[in-house]
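The values are calculated or read from the model by the stated rules, or taken from the named source; none is laboratory data. No experiment lies behind these values; they were computed from the predicted model shown. Cβ placement follows ideal geometry from the backbone for every residue including glycine, while neighbour counts extend to all protein chains displayed. To get the accessible areas, we keep the full protein, side chains included, count just its heavy atoms, and leave off ligands, DNA and RNA. Shrake-Rupley method; radii C 1.70, N 1.55, O 1.52, S 1.80 Å.
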Amino acid sequence: MAALRKFPTPTSRAAALAAALVAAPLSALGADEHAGHARHPAAPAEPMAHGAMDHGEMGHGDEASDDMEMQHGQGGHGGMRMDHGTHGGTGHAQRSSAVSRPPNVPALTDADRAAAFPVLSAHSPHGRSLNSFLLFDKLEYQDADDGSALVWDAKGWIGGNVDRLWVRSEGERTNGRTERAEFQALWGHAIGPWWDLVGGLRQDFKPGSPQTWGGFGIQGMPFYGLETEVTAYLGEGGQSSLRLEGDYSLLLTNRLILQPTTEINLYGRNDRERGVGSGLGDVEAGLRLRYEFTRQFAPYLGVTWNRLYGESGDLARAKGEDDEETRFVAGIRLWF
Amino acid sequence: MHCKTSRRTFVKGLAAGGLLAGFGLWRAPVWALGGPDRPALLSGSDFDLAIGETPVNLTGSPRIATTINGSLPGPTLRWREGDTVTLRVRNRLDEDTSIHWHGILLPANMDGVPGLSFDGIAPGGLYEYRFKVKQSGTYWYHGHSGFQEQTGVYGALIVDPREPEPFQYERDYVVMLSDWTDENPARVLKKLKKQSGYYNFHKRTVGDFIADVGEHGWAATVAERKAWAAMRMTPTDLADVSGYTYTYLLNGQAPAGNWTGLFRPGERVRLRFINASAMTYFDVRIPGLKMTVVAADGQYVEPVSVDEFRIAVAETYDVIVEPQDAEAYTLFAQSLDRSGYARGTLARREGLSAPVPAPDPRPRLSMADMGHGGMEHGAHGSTAPAAHEGMAGMDHGDMADMDHGAMNHGGAGGEMQVHPASETGSPLVDMQTMMPTAKLDDPGFGLRDNGRRVLTYADLRSAFADPDGRAPGRTLELHLTGHMEKFAWSFDGIPFADAEPLRLKYGERLRIVLVNDTMMTHPIHLHGMWSDLEDEQGNFLVRKHTLDMPPGSKRSYRVTANALGRWAYHCHLMFHMETGMFREVRVEE
C-alpha cells in the first residue's frame with residue numbers, strides 16, 4: 001500500500017496495536033542511525049557536526065563547512081559532501097575565500113578515489129547486438145493458365161545497423177515442377193541513412209541447369225514506404241543481368257494494406273536454354289491486398305501481371321507459350 | 001521532532017495497510033489474486049532487498065515478473081536526510097541484476113550501473129550498498145541490468161528532510177506510473193529492430209489523406225505528404241511502444257484495478273508522482289482538482305498551480321491537491337500517444353470511482369515540432385526536406401570535439417543549427433533539426449491550447465538560488481541522434497559501443513547543451529550529479545536529475561562535476577539506452 005499517511009486516520013484498534021508492534025524495532029533502528037559509521041575513526045564527529053551546523057540556516061561563507069567535509073571525507077563514505085542545494089540563496093558568487101573549490105566540491109580522500117574507480121571485470125553494457133529479419137513477402141498460390149503455381153519471394157538480414165548479411169530467394173513451382181528457383185547471399189553496407197550497397201553471390205537452380213552469378217547493387221528507401229533494389233549480376237558463360245525491384249505499402253487502414261510491387265529483368269545476351277533473350281526480358285507487376293491480423297501474419301489476395309519482351313517473348317511464343325499472363329493470387333505474408 | 005512524528009505515522013500507515021490486506025478488506029480485483037504483494041513501506045537506515053521472480057497477472061494472462069521483495073512495484077523505501085543507509089541486495093534471479101538509486105548523490109561504486117559502478121550482482125550474489133543520504137525529496141530506484149526495469153524492478157524512494165518542508169499536507173501518497181507488457185521486453189526490442197513501426201497502429205491512411213484534402217486542399221496536403229515521405233518518417237510516430245502491448249499501471253494496478261487513495265474533505269493531499277515507465281510519457285491530470293506542484297525531481301520548486309502536467313520517463317513531481325466536495329476524483333494519466341492510460345482514484349472511502357475521461361485526440365507532429373522552422377502548415381512543409389537534405393550534406397569540418405565555450409549557449413534558437421561532423425553522412429542519423437529552440441514554455445504536442453493550464457519547464461523555478469554560483473567554465477554540446485527505421489539511437493551519431501567517455505574535470509562547472517536531432521522525446525539522465533536547467537538567457541531555472549528533450553528542442557543546463565568516478569549518462573527510454581543513446585561521463589582529478 002502506497003499510502004503515506006501523515007496523520008493517523010480512523011483505523012481499527014487492531015491497526016494501532018500492529019503499529020505499536022512494528023514501531024518497536026523501527027525506533028530501535030532510529031536510535032542506531034549512526035551505527036553505520038561506528039567502524040570509522042571520524043564517525044564520532046558526525047552527530048556533533050550536525051548539531052553545530054544546523055543545516056537549514058547554514059551560511060556557506062563559513063569556512064567550517066570545508067573543514068567538516070574533509071573530516072568526513074576521511075570517514076570513507078565519500079564524506080559529508082553535502083549538496084547545499086536546498087539551502088540556497090546564500091550568495092556563493094561573492095564567496096571568494098582562499099579555497100579554490102566551492103563548498104559543493106569537497107576535497108577528495110583516497111577512500112573517495114577508491115570508491116570512484118572500483119576495479120571491474122571487463123563488462124560493457126549496451127553494446128552491439130546482433131539482430132535479424134526474415135520476411136516472406138510472397139508465399140502464395142497462383143492461378144496460372146497452365147495449372148496452379150506456388151510462388152515465393154523472401155528476403156532477410158542478419159547483422160548490426162551498418163553491416164548486414166542479406167539473403168534473398170524467389171522461385172516458382174508449377175504443377176509440382178520447379179520452374180525457377182534462386183538464392184542470393186549478399187553483404188550489405190549502409191552508405192547513408194537510406195541506402196545500402198550490396199554485393200555477393202546468386203545461385204539459380206532453375207530454369208535449365210544451375211547457374212551461378214556474382215551480384216552487386218544498391219537498395220534502399222527513396223521515400224517513406226517505398227523499398228527499392230537495383231542489382232547487377234554477372235553469370236557464368238558471360239551472361240549479365242540487371243534486376244530492378246520495388247514495392248510500396250498503401251495503408252487503407254492500419255491493418256488493411258494494399259501493396260503494389262514490380263520486378264523488371266534485363267539480360268546481356270540470349271540464353272535459349274533458359275528462355276531469355278538480350279535486352280528487356282520480363283516485367284512483373286503485382287497488386288496485393290493484405291490484412292495484418294498481426295504485424296507478422298497477414299493473409300492476402302491479389303493479382304499479378306507478367307509480360308515477356310523482345311527475344312524472351314519470341315522464345316516463349318516459339319514454344320507455343322503466351323508472352324503475357326495475368327494471374328489471381330492468394331497467399332500469406334509472414335516475417336520472423 | 002519533525003522526523004520522529006513522521007516516522008511514527010509512517011509505521012501506522014504500513015501496519016494499517018498490512019492489516020487491511022490480511023483481513024481481506026482491501027478490495028483486490030479477482031484477477032489480481034495470486035499476484036504480487038502490494039508494495040510494503042520500509043523505513044529506516046538498514047534494508048534487505050531481494051530481487052526474484054514472482055507470478056503476476058496484470059492483463060488476464062499469467063506472467064512472471066522480476067520483483068523486489070516480491071511486490072510490483074518494489075517496496076517504498078523511506079530514508080532520512082543525513083542518515084547513512086545500508087541496503088543489502090540479494091539476487092535470486094538466474095541472471096545478473098543491479099539497483100540504481102535514481103537521482104541520489106552517492107559515491108560512484110554505490111550507483112548500481114554494471115560495467116561502470118560495479119560488476120553487477122551475480123545470481124545468488126549479494127551487494128551491500130552503503131552511503132550517506134545528502135538530499136531529501138521524492139525519488140525512485142530501479143534495476144539497471146537487461147530489461148529488468150520493464151519487468152518490475154522498480155520502487156519509490158522517499159527521503160525525509162531534516163528541516164521542515166515549505167508546505168503542509170495531511171496525507172501523503174506515492175503515485176507510481178509504469179508500463180507493463182506481457183511480452184518479453186527483449187522480444188519487444190527485437191521486433192522494433194525488425195520493424196520500428198510495429199506498435200504504431202495509428203499511421204495515416206488513405207482515408208486520412210482524403211480527409212486532409214477536404215480540409216486543407218489538394219496542393220497543401222500533397223506537399224505535406226511529400227515532406228514527410230522525403231524524411232522517411234510519419235507524423236504519427238509519438239511513442240515507439242504503445243498500448244498495443246502496454247498496460248499502464250498506477251502503483252502496480254491496471255486501470256481496472258483502480259488503485260485508491262483515501263482522503264477526508266478539506267485535507268491537503270501530497271501526491272508524489274513518479275514515472276517509472278520503461279518507455280512511456282504520461283500526461284497527468286485530476287479532473288476537478290488543481291494541482292500545486294511543489295517539487296520536481298525531488299527538489300523544492302516555487303509552488304505553481306496547474307491542471308495538468310507531462311511527466312517524462314524517470315521524472316518525479318510532488319503536487320498538493322485539496323479535494324473538496326466530491327466523493328471521488330480520478331487520477332488520470334494518459335500515455336503521450338493516447339493509446340492508453342493509467343488510472344486511480346482519490347476517494348472518501350474504498351470502492352468509489354469517478355468518471356474516467358476519454359483520452360484526448362491523438363496529436364500529430366508538425367515540421368515545427370521537429371525544429372524545422374515555423375512551418376506549421378502543410379503547404380510550407382515541402383521546403384523542409386530540401387533544406388534538410390542540404391544540411392545533411394554540409395561539411396561541418398571538425399565541429400565534433402570543439403569546445404563551444406564561446407557559442408551562444410542559451411538555446412535561444414532562431415538560428416540555423418550547426419551539427420557535429422560525426423553526424424554528417426552517418427547511416428545512423430536520419431534527421432537533423434534545423435532551427436531548434438528551448439521550448440521551455442511549450443506544454444508540448446498534444447497539450448497546447450487544450451483549455452487546461454499545463455505545466456511547462458518555464459514554470460519550474462527551484463526554491464533556491466543556483467547552488468554553485470559559478471559561471472560555467474566551458475560548454476559541451478551534444479546532439480541526440482537516431483535512426484527511426486533501424487531503431488538505432490546515439491549521441492552525435494555515435495552509439496555507446498563506439499563512443500569515448502565524456503571527460504569532466506573534478507570540481508569544474510560546465511554547461512551542457514543538448515540538441516534533439518530526432519523526432520522522438522528523450523528524457524536525459526545524468527547519474528551522480530545534478531542537472532541545473534537554464535532558461536534561454538542562461539540563468540538558473542530548476543535543478544533536476546532527468547531532463548525532457550522534446551523533438552526540435554535545444555536546452556542547456558549546468559553541471560558541477562563534484563562526483564568523482566564513472567557515471568552513466570543516457571536517454572531513460574529503456575530501448576533507446578539499450579540501443580546506444582548512452583555515454584559514460586568520467587569525472588577525473
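If the requirement is being within 23 Å of B:R310 (Cα to Cα) and open to solvent by 40 Å² or more (accessible area, probe 1.4 Å), which of these qualifies: B:H142, B:H216, B:H202?
Working: B:H142 fails: open to solvent by 40 Å² or more (accessible area, probe 1.4 Å); B:H216 fails: within 23 Å of B:R310 (Cα to Cα).
Going through B:H142, B:H216, B:H202 in turn, the sole match is B:H202.
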> How many residues are open to solvent by 30 Å² or more (accessible area, probe 1.4 Å), over 21 Å from A:E324 (Cβ atoms) and at pLDDT 90 or above if we restrict to the range A:252-284?
Replying inline: 7
> In the list A:D137, A:D153, A:D83, A:D146, which residue meets the criterion of being over 23 Å from B:V113 (Cβ atoms) and modelled with pLDDT under 90?
Replying inline: A:D146
> Within the range B:426-442, how many residues are under 23 Å from B:H576 (Cα atoms) and open to solvent by 20 Å² or more (accessible area, probe 1.4 Å)?
Replying inline: 3
>> Restricting to the range B:152-164, give me the number of residues that are surrounded by fewer than 17 Cβ atoms within 10 Å (Cβ to Cβ) and more than 7 Å from every other protein chain (Cβ to nearest Cβ).
In response: 1
> Taking the range B:224-238 as the search range and keeping residues that are touching a Ser or Thr at 6+ places or on another chain (Cβ under 9 Å) and buried (at least 19 other Cβ atoms within 10 Å of the Cβ), which one is nearest to the other protein chains (Cβ to nearest Cβ)?
Replying inline: B:W228
> Limited to the range B:172-189, what total is found for residues that are open to solvent by less than 10 Å² (accessible area, probe 1.4 Å) and facing another protein chain (nearest Cβ under 9 Å)?
Replying inline: 5
> If you take just the strands (runs of 3 or more DSSP E) that sit entirely in the range B:461-546, which of them hold at least 2 residues that are over 30 Å from A:F223 (Cα atoms) and either touching a helix residue (DSSP H, G or I) at 6+ places or on another chain (Cβ under 8 Å) or open to solvent by less than 10 Å² (accessible area, probe 1.4 Å) (or both)?
Replying inline: B:509-516, B:522-526, B:531-534, B:540-544
> For B:E534, which of the numbered conditions (1) at pLDDT below 95; (2) touching a Gly at 6+ places or on another chain (Cβ under 8 Å) fails to hold?
Replying inline: (1)
> Which members of the range B:425-459 meet the condition of being within 24 Å of B:D318 (Cα to Cα), among the acidic types (D, E) and touching a residue at least 60 places away in the same chain (Cβ under 8 Å)?
Replying inline: B:D442, B:D459
>> Return the pair list, or none, for Cβ contacts closer than 8 Å from residues in the range B:460-479 that are away from chain A (no Cβ under 12 Å) to residues that are among the hydroxyl-bearing types (S, T, Y), at least 6 apart or on different chains.
In response: B:T475/B:S556
> For B:E350, are the conditions met, namely being at pLDDT 95 or above, in contact with a Lys or Arg (Cβ under 8 Å, 6 or more places away or on another chain) and surrounded by fewer than 21 Cβ atoms within 10 Å (Cβ to Cβ)?
Replying inline: no
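Condition check ((1) modelled with pLDDT of 95 or more; (2) under 22 Å from B:G261 (Cβ atoms); (3) open to solvent by 40 Å² or more (accessible area, probe 1.4 Å); (4) within 14 Å of another protein chain (Cβ to nearest Cβ)) across all residues:
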{"position": "B:K4", "(1), (2), (3), (4)": "no, no, yes, yes"}
{"position": "B:R7", "(1), (2), (3), (4)": "no, yes, yes, yes"}
{"position": "B:G17", "(1), (2), (3), (4)": "no, yes, no, yes"}
{"position": "B:P29", "(1), (2), (3), (4)": "no, yes, no, no"}
{"position": "B:D37", "(1), (2), (3), (4)": "no, yes, yes, yes"}
{"position": "B:D46", "(1), (2), (3), (4)": "yes, no, yes, yes"}
{"position": "B:G52", "(1), (2), (3), (4)": "yes, no, no, no"}
{"position": "B:L77", "(1), (2), (3), (4)": "yes, yes, no, yes"}
> Any residue in the range A:300-314 that is among the small types (G, A, S) and farther than 22 Å from A:D271 by Cα?
Replying inline: yes
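Would it be correct to say that B:T138 is more than 11 Å from every other protein chain (Cβ to nearest Cβ) and either part of a strand (DSSP E or B) or touching a Pro at 6+ places or on another chain (Cβ under 8 Å) (or both)? Outline the logic, then answer.
Working: more than 11 Å from every other protein chain (Cβ to nearest Cβ): no; either part of a strand (DSSP E or B) or touching a Pro at 6+ places or on another chain (Cβ under 8 Å) (or both): yes.
In short, no.
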>> I want to confirm something. Restricting to the range B:565-577 and keeping residues that are open to solvent by less than 10 Å² (accessible area, probe 1.4 Å) and under 25 Å from A:D112 (Cβ atoms), which single residue is nearest to the other protein chains (Cβ to nearest Cβ)?
In response: B:G565
> Of all strands (runs of 3 or more DSSP E) completely enclosed by the range B:228-329, which ones contain at least 3 residues that are of a type in the set (A, V, I, L, M, F, W, C)?
Replying inline: B:269-275, B:291-296, B:299-306, B:316-321
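When the residues of the range B:116-134 are narrowed to those that are assigned to a loop (DSSP other than H, G, I, E, B) and open to solvent by less than 10 Å² (accessible area, probe 1.4 Å), which ends up farthest from B:I104 (Cα to Cα)?
Going residue by residue through the range B:116-134, those that are assigned to a loop (DSSP other than H, G, I, E, B) are B:116-117, B:119-120, B:122-125, B:133-134.
Then keep just the ones that are open to solvent by less than 10 Å² (accessible area, probe 1.4 Å); that gives B:116-117, B:133.
On the way: B:L116: 16, B:S117: 14, B:V133: 8 Å.
Of everything passing the filter in the range B:116-134, B:L116 is farthest from B:I104 (Cα to Cα).
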>> I need the full set of residues from the range B:145-161 which are over 15 Å from the mean Cα position of the chain (by Cα) and either among the polar types (S, T, N, Q) or in a loop (DSSP other than H, G, I, E, B) (or both), in order please.
In response: B:S145, B:G146, B:F147, B:Q148, B:T151, B:G152, B:V153, B:P161
> Has the range B:221-235 got any residue that is in contact with a strand residue (DSSP E or B) (Cβ under 9 Å, 6 or more places away or on another chain) and on the phi < 0 side of the Ramachandran plot?
Replying inline: yes
>> What's the number of the only condition in (1) farther than 30 Å from B:V133 by Cα; (2) in a loop (DSSP other than H, G, I, E, B); (3) open to solvent by 20 Å² or more (accessible area, probe 1.4 Å) that B:I210 fails to meet?
In response: (2)
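Give me the residue from the range B:90-112 that is of a type in the set (S, T, N, Q) and assigned to a strand (DSSP E or B) and, out of that set, surrounded by the most Cβ atoms within 10 Å (Cβ to Cβ). Break it down stepwise before answering.
As a first pass, look at the range B:90-112 and keep what is of a type in the set (S, T, N, Q): B:91, B:97-98, B:109.
So of that shortlist, the ones also assigned to a strand (DSSP E or B) come out as B:91, B:97.
Details: B:N91: 21, B:T97: 28.
In this case the residue turns out to be B:T97.
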